[in-house]
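These notes are about the structure you will find just below.
The values are calculated or read from the model by the stated rules, or taken from the named source; none is laboratory data. Everything numeric in this text was worked out from a predicted model, so none of it was measured. Cβ placement follows ideal geometry from the backbone for every residue including glycine, while neighbour counts extend to all protein chains displayed. Side chains included, ligands, DNA and RNA excluded: accessible areas come from the protein's heavy atoms. Shrake-Rupley method; radii C 1.70, N 1.55, O 1.52, S 1.80 Å.
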Amino acid sequence: MEEARRRVLQLAVPAAVLGVAAAARLIGLEQPGELVFDETYYVKDAESLRQLGYEGRWPEGANELWAAGTPGSPSELASFVAHPPLGKWIIALGLGALGPENPAGWRLGTAVAGIALVGLVMVLAHLLLGRLVLTGIAGLLIAVDGNAIVMSRVALLDGVLTLLIVAAVIFVVLDRREAHLELRQWLDDRTAGDPPRSTDWGPALWGRPWLVAAGVTFGLAVGVKWSALYLLAAFGLLTVVADAIDRRRAGVALWASGTLLRQAPISFVLMIPSAAAAHLLTWWGWFTTSGGYGRDRVVDDESRLPGILGALPDSLQNWWAYQTAIYGYHVGESSPHNYEAPAIGWPLLLRPTYMHYNDLGDGTAEAITGIPNPLIWWGAVAAVIALVVVLVVRAVRGTRRLAGPALPASGWAIAVVLTGIAAGWLPWLLYPDRTIFFFYTIVLTPFLVLVLTMAFGAVLGAADAPAPRRAVGGTIVIGMLVVIVAISAFFLPLWTGIPTPIEQIQLRYWLPTWI
């Protein structure tokens, strides 16, 4: 009976959370009936990809035609675009399903990606934390978070980017499990022989399909936005570090040199070429047509790549020249914007991105702003700070052979979420003069949610804790979740563009910089 109940809950909890996520992301998706914020680029580019296979130029006044339900077609003249095409192909799927004349079709692709993101966050939470209650909490937090809702309901690229990054991290976690088991099996086989064989250098593990899958998925993420490169590098490095730690704990004598000289090159070969191939594949529309930006550039001796790279086909030479131009755009982008938000201020939630505001003239207005649920955001930031403090205290006390404070999760789980946060935030600090927006933080949101979930898990207590302890912890956590859901309901009009009295909209500006 208990087993049957557990199985029902394993299905019911994720299903209920996904139902909440779907409702928040799909109801009223056709509103506003006009292109908002950067939809003016990505929706039109997506329709161009559907029609031409590459991004063409749209005529003046195209936005008004889209709002009127008669979007028309782009010219065959190529348009320079700043981001790879995969995210726009996802948007194009929605356009194909519902038609470009339907505003819900503009956003269907990103809305489905947003719902899927909630599901993948629950998968990652279950892999890292192993408790159904924490899996449900993590899913609920991202299902009702404002930044996640807005980035699902507006056809931008960053929600798709986040979905692929979380999928890639899941593959990294699965690879860690398999690599650990393979290491143990290799050691058992080596030491069981007569005589035992040397284990000093550790194994060279080539059979790591999850690592290849992670590389492919990170490559696809780079095919949405280049910022995924930071996470590819960070989690590739984490994999090497985890291999070294695993070997040290298993008793491999030359664990450090064996990892660096033997396993790390293999992991590189498994992960990076697969990422590069997957990324290149996302440009298939540009390669299989002749009209894309720079596609027909004449490659002469002066413009040909140097050395052996000069033997590459002209299509790859032109593609590389295009990537160079995109890079030049990104490093030089510094146009002032009313809602630019330097990364240094992200933790304080100083300047969320206002994407749409339309005064309807009757005392109401449509407003869409990417404000996260403030309690989730500030609570998660506080949880990250507390976690880092705990790790520092443990490290200091460990040098003195003293016991430190308990961790809220395994060291591996903590390493995964902190790596995601660091790789999603710290690189942006290197570009203080670049135009940066707060909605980029959607990439951080899954990892912030997981840290907050770990904090809730610590409050709940272990599954085998005394009943009174679990009762008190459960009461606190349930109370916090009720408040979080209530705050999300309060902010929902600003996340969905529901016509709302203007004075009610103003009540939701908790900081003057949110206006």
(request) Assess whether P203 counts as being within 23 Å of W412 (Cα to Cα) and assigned to a loop (DSSP other than H, G, I, E, B). (result) yes
(message) Can you tell me which residue is surrounded by the most Cβ atoms within 10 Å (Cβ to Cβ) among those in region 350-367 that are aliphatic (A, V, I, L, M) and within 16 Å of M151 (Cα to Cα)?
(response) A367
(message) Out of the helices (runs of 4 or more DSSP H) lying entirely within region 1-109, which hold 1 or more residues that are out of contact with any helix residue (DSSP H, G or I) (no Cβ under 8 Å at 6 or more places or on another chain), modelled with pLDDT under 95 and under 30 Å from R131 (Cβ atoms)?
(response) 2-26
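Determine which member of the set G94, G99, G114 is surrounded by fewer than 22 Cβ atoms within 10 Å (Cβ to Cβ) and of a type outside the set (A, V, I, L, M, F, W, C).
Values: G94 fails: surrounded by fewer than 22 Cβ atoms within 10 Å (Cβ to Cβ); G114 fails: surrounded by fewer than 22 Cβ atoms within 10 Å (Cβ to Cβ).
Exactly one of G94, G99, G114 is surrounded by fewer than 22 Cβ atoms within 10 Å (Cβ to Cβ) and of a type outside the set (A, V, I, L, M, F, W, C), namely G99.
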(message) Suppose we filter A221, A148 for residues that are farther than 30 Å from Y357 by Cβ, in contact with a helix residue (DSSP H, G or I) (Cβ under 8 Å, 6 or more places away or on another chain), in contact (Cβ under 8 Å) with a residue 60 or more places away in the chain and surrounded by 15 or more Cβ atoms within 10 Å (Cβ to Cβ); which single one remains?
(response) A221
(request) Looking only at region 188-203, decide whether some residue is of a type in the set (A, V, I, L, M, F, W, C) and farther than 30 Å from P372 by Cα. (result) yes
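Of all residues in region 2-48, count the ones that are at positive phi and over 24 Å from the mean Cα position of the chain (by Cα).
Here is the first cut: in region 2-48, the ones at positive phi are 28, 37.
Adding the requirement that they be over 24 Å from the mean Cα position of the chain (by Cα) leaves 28.
Final tally of qualifying residues: 1.
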(request) Evaluate the following for L120: is it open to solvent by 10 Å² or more (accessible area, probe 1.4 Å) and within 24 Å of P408 (Cα to Cα)? (result) yes
(request) List every residue pair whose Cβ atoms sit under 8 Å apart, with the two residues 6 or more apart in sequence or on different chains, where the first one lies in region 401-420 and is within 27 Å of L229 (Cα to Cα) and the second, anywhere, is in a loop (DSSP other than H, G, I, E, B). (result) I414/L407; I414/P408; G420/L444
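Here's the yes/no breakdown for (1) open to solvent by less than 60 Å² (accessible area, probe 1.4 Å); (2) without any contact (Cβ under 8 Å) to a residue 24 or more places away in the chain; (3) touching a Leu at 6+ places or on another chain (Cβ under 6 Å); (4) in a helix (DSSP H, G or I):
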{"residue": "A465", "(1), (2), (3), (4)": "yes, yes, no, no"}
{"residue": "P468", "(1), (2), (3), (4)": "no, yes, no, yes"}
{"residue": "G473", "(1), (2), (3), (4)": "yes, yes, yes, yes"}
{"residue": "V477", "(1), (2), (3), (4)": "yes, no, yes, yes"}
{"residue": "L481", "(1), (2), (3), (4)": "yes, no, no, yes"}
(request) For T40, state whether it is in contact with an Asp or Glu (Cβ under 9 Å, 6 or more places away or on another chain) and among the hydroxyl-bearing types (S, T, Y). (result) no
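Right, G379: out of contact with any Leu (no Cβ under 7 Å at 6 or more places or on another chain), of a type in the set (G, A, S) and either under 30 Å from L450 (Cβ atoms) or open to solvent by 10 Å² or more (accessible area, probe 1.4 Å) (or both) or not?
No.
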(request) Say whether the condition of being open to solvent by less than 60 Å² (accessible area, probe 1.4 Å), more than 29 Å from the chain's Cα centre (by Cα) and in contact (Cβ under 8 Å) with a residue 40 or more places away in the chain is met by at least one residue in region 224-243. (result) no
(message) So E340 ticks every box in (1) under 27 Å from P446 (Cα atoms); (2) open to solvent by less than 60 Å² (accessible area, probe 1.4 Å); (3) among the acidic types (D, E) but one. Which box is left unticked?
(response) (2)
(message) Where the second residue is assigned to a helix (DSSP H, G or I) and the first is closer than 20 Å to T289 by Cα and lies in region 319-338, which pairs have Cβ atoms under 9 Å and are six or more apart or on separate chains?
(response) W319/L280; W319/W286; W319/F287; W320/L309; Y322/W286
(request) Quickly run through region 260-271 and pick out the residues that are β-branched (V, I, T) and open to solvent by less than 60 Å² (accessible area, probe 1.4 Å). (result) I266
(message) Being open to solvent by 20 Å² or more (accessible area, probe 1.4 Å), at pLDDT below 95, over 26 Å from A138 (Cα atoms) and assigned to a helix (DSSP H, G or I) is true for just one of D194, D188. Which residue is that?
(response) D188
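A quick yes/no check of all residues on (1) without any contact (Cβ under 8 Å) to a residue 40 or more places away in the chain; (2) more than 19 Å from V224 (Cα to Cα); (3) open to solvent by less than 40 Å² (accessible area, probe 1.4 Å):
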site: Y41; (1), (2), (3): no, no, no
site: E60; (1), (2), (3): yes, yes, no
site: T70; (1), (2), (3): yes, yes, no
site: L86; (1), (2), (3): no, no, yes
(message) Return the residues of region 290-317 that are under 30 Å from the mean Cα position of the chain (by Cα) and either among the polar types (S, T, N, Q) or part of a helix (DSSP H, G or I) (or both); say none if nothing qualifies.
(response) L316
(message) Name the residue that is most open to solvent (accessible area, probe 1.4 Å), counting only residues in region 1-15 that are free of Cβ contacts under 8 Å to residues at least 40 places away in the same chain and not charged (D, E, K, R).
(response) M1
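Determine, yes or no, whether E60 is more than 14 Å from W283 (Cβ to Cβ) and among the acidic types (D, E). Before the answer, list the steps.
Numbers: more than 14 Å from W283 (Cβ to Cβ): yes; among the acidic types (D, E): yes.
The answer is yes for E60.
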(message) Yes or no: region 431-438 includes at least one residue that is of a type in the set (S, T, Y), touching a residue at least 60 places away in the same chain (Cβ under 8 Å) and under 21 Å from I170 (Cβ atoms).
(response) no
(message) With the requirement that a residue be in a helix (DSSP H, G or I) and in contact with a Lys or Arg (Cβ under 7 Å, 6 or more places away or on another chain), what does region 382-412 give you?
(response) W412
